[in-house]
Amino acid sequence: MGNKRLIIIDSNSIIHRAFHALPPLTTKSGEMINAVYGFLLVFFKAIKEFQPDYIAACFDFPAPTFRHIKYKEYKAKRLKAPPELYNQIPKIKEVLTAFGVQLFEKEGFEADDIIGTISRLASANTETIILSGDADNFQLINAATRVYNLRKGVKDTVLYDENLVKEKYQGLTPAQLLDFKALRGDPSDNIPGVFGVGEKTATALILEFGSLEKIYDNLALVASKIREKLIRNKEQAFLSKELATINKNVPIGFDLEKCRFDNYNKEKVIQALKDLEFYSLIDKVK
């Protein structure tokens, strides 16, 4: 592993986490800015902790993705966030732009897909750290990539590597989390999984056979009660795995050198923070 370090920000997940974790905070003119403030707390904390050479910020594009087209129920049960949250996204982009951070989004894809693509394209001698408010990116963890996850609120963070993932998921590897979602489903994204298969059964099957494909190759070895459920829901299981899989081939024209984090205009950043009335954060820039 080289000594260059890239931080990839899963922006929407951190914005959501910050919005719900912090009390309403408004400017003198009454604009809600709690998500911007929480996002910047995480941003500054990560910079201080990891001293990155490069930073890329990824955003969801407000349009249906290939997953919605494949399965119209995808994320259907998720409540739409209030406009007070969405109105803060442009402000976050403004501050990141003042810092010279490259922003990435692409119609038809989620931020996770862009994150997966960048983590693949970032050369092998770059250490990658993904900042995220949820666990969807854990599947991207490998020898060169870790996930800096917000466990609770915006201050309680954990840096997940392969070993911590195995510890958290009873021995499953980051790659096997896709097989786990294929069987168990994912209620937060409305991914169906196999009806009647819970966490324990899903984990046991994957630990025994290795992957979804190998489970179906060895159905004769599976207990009859579970085998019936697997046979009945085969199409759904493979669809679930496809929906859960991060696409690492999004056409985004990524150039690592353009993401270099060392050349921002301090005056611009300080002005952006003053406009938001974040006087307490100005010292972090100086």
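Readers should treat all values here as calculations from the given coordinates under stated rules, not as data from a laboratory. Just so we're clear, the structure is a prediction, and the values are computed from it rather than from any experiment. Positions of Cβ are generated from backbone atoms using ideal geometry, with glycine treated the same way; all protein chains shown enter the neighbour counts.
In nm, what is the difference between 0.36 nm times the number of residues separating THR245 and LEU207 and their Cα-Cα distance? Provide the component values of the computation, followed by the final result.
Values: separation 38, 0.36 × 38 = 13.68 nm, distance 1.92 nm.
Gain in length upon complete extension: 11.8 nm.
In the chain, the sites counted are GluC sites (Glu not before Pro) in DSSP loop states with at most 12 other Cβ atoms within 10 Å, and the longest stretch holding none of them, exclusive of the sites, is 108-286.
Could you list PHE66, PHE261 in order of exposure, starting from the residue whose Cβ has the fewest other Cβ atoms within 10 Å? Intermediate results must be reported in sequence, preceding the final value.
Values: PHE66 15, PHE261 19.
So the residues, fewest neighbours to most, are PHE66, PHE261.
Residues within the reach of a label modelled at SER188 (point 7 angstrom out along Cα to beta-carbon, backbone nitrogen below 20 Å), restricted to the stretch 120-142, are 129-142. Cβ crowding within 10 Å ranks ASP186, ASP255 as ASP255, ASP186, fewest other Cβ atoms first.
For a modelled paramagnetic label at LYS80, 7 Å from Cα along Cα-to-Cβ, the residues of the stretch 57-72 in reach, with backbone nitrogen under 14 Å, are 62-64. Using C-alpha pairs under 8 Å with a sequence gap of at least 6, the mean separation divided by the residue count of the stretch 177-244 gives a relative contact order of 44 percent. For the chain, the relative contact order comes to 23 percent (Cα pairs under 8 Å, sequence separation of at least 6). Compared with the dominant principal axis of the Cα atoms in the chain, helix 11-21 is inclined by about 80°.
Which entries of LYS45/LYS274; LYS75/LYS229; LYS48/LYS166; LYS75/LYS266 show an alpha-carbon separation above 30 angstrom in the structure shown?
Working: LYS45/LYS274 19 Å; LYS75/LYS229 24 Å; LYS48/LYS166 28 Å; LYS75/LYS266 40 Å.
In this structure, LYS75/LYS266 lie more than 30 Å apart at Cα.
Where does helix 199-209 land angle-wise versus the long Cα axis of the chain, in degrees 0 to 90, nearest 10? That helix lies at roughly 70 degrees to the long axis.
Note on ASP262, ASP189, ASP112: ascending count of other Cβ atoms within 10 Å places them as ASP262, ASP189, ASP112, the fewest first.
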